[in-house]
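Undergrad: Take a look at the following structure, please.
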Amino acid sequence: MKKIVIPAALLLFSTMAHAQNTVTAEQAGNDNFGQVDQFGGQNSVSIYQNNSQHSLYIEQGTADRPVTGNTAAVLQSGGVGSQNTAKIQQFGDDNQASIAQIGDFNNAFIYQPGNDNKANIIQTVSGSNNYATIQQEGDRNTASIHQDDSGVHFSFASVVQTGSDNTAALRQQGYNQEAFITQSGNFNEADVWQIYGAVGTYALVNQAGDNNFARTRQGNFSDESQIFINQLGDDGFVEVKQNGFNNYASILQESGSFNEATLQQDGGSNTFYLTQAGDGNSVTVTQPGNSNTLIINQVSPNGLQGGN
């Protein structure tokens, strides 16, 4: 595998204060385009564009809403047919954002209207027609998307954080993959990984409660598998691993606290549904065979009363 070395300056954010706004740019090759608008103070932008036909748009604040203390860094360097596009919008204060795109037909978008957020998108090694987007409308959120290896094609990744103090990590290494993380609650953590070799996998994590944790792994040969996780209560834990083909998992923690669910599907065409309401419910399931269906409903006394 070809090793890609990304300059540390584009992945690590400077803590140096600047009295005014700064832009550092280097464009090599042909037909590059870049536009930077800065309104406010102590904002900084670093740009490196190499080869051809890249586009770049960075906005830090507006005339009506000047901002301070934001950092944005973009690296775009491609090979044959490179048409990368990067867009960063920072309309809050003290945000940090970086985009690194190596390859062709990549797109990336980061939108930060909140404050003290950190976002990082990496698309490497000739990943054709990939798209990644991060929106951070709350405060003190951290999000990262990594679409890597030469096997990533036609994949889509999205992180939306409207709550605060959340952490989201999303990695894709296969074909035709889709993954979504939405965090409208606070202090949640989500970790989604669609591993190399998987084709047509889908993962969705929605965390509307607080202090929840969710982890998904869709491994090699997990073609056309789907995972849906909804955590509407608090202090929930969910972990799902799929290594077989055409598996389906739906987990809903609709109310209560301290519910736990662990699922592993290693066979093919398995289906799993789980609903947990109330407090302290726990499920551990392994489906190593094929064409199995399991439906579980857990409602503790607190859930029967409809309380949280």
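Undergrad: How do 57, 111 rank when sorted from fewest to most other Cβ atoms within 10 Å of their own Cβ?
TA: Numbers: 57 16, 111 20.
By the 10 Å Cβ count, ascending, the order reads 57, 111.
Undergrad: Same structure again: Would you mind telling me which residue in 40, 163, 209 has the biggest mean-square fluctuation in a Gaussian network model of the chain, where springs connect alpha carbons within a distance under 10 angstrom?
TA: Among 40, 163, 209, the largest GNM mean-square fluctuation belongs to 40.
Undergrad: Right, here's the next one. Residue by residue through the range 155-168, what is 3J(HN,Hα) from phi via Karplus (6.51 cos²θ - 1.76 cosθ + 1.60, θ = phi - 60°)? Round to whole Hz and write x for glycine and proline.
TA: Per-residue couplings from phi come out as 9, 10, 9, 9, 10, 10, 10, 9, x, 10, 6, 9, 10, 9 Hz.
Undergrad: Rg and Dmax of the chain, Cα atoms, in Å?
TA: So, for the chain, Rg and Dmax equal 20.8, 67 Å respectively.
Undergrad: In what sequence do 272, 245, 221 fall when counting other Cβ within 10 Å, fewest first? Working shown, then result.
TA: Working: 272 24, 245 20, 221 16.
Result, fewest neighbours first: 221, 245, 272.
Undergrad: When the helix-only estimate is applied to the chain (DSSP H runs of n ≥ 4, each -39,500 (n - 2.57), divided by the residue count), what is the mean residue ellipticity at 222 nm, nearest 500 deg cm²/dmol?
TA: The helix-only estimate for the chain comes to 0 deg cm²/dmol at 222 nm.
Every read-out reported here was derived from the displayed coordinates using simple, explicitly stated rules and does not represent laboratory data. Worth saying up front: this structure is predicted, and the values here are computed from it rather than measured. As a convention, Cβ positions derive from the backbone with ideal geometry for all residues, glycine included, and neighbour counts pool all protein chains shown.
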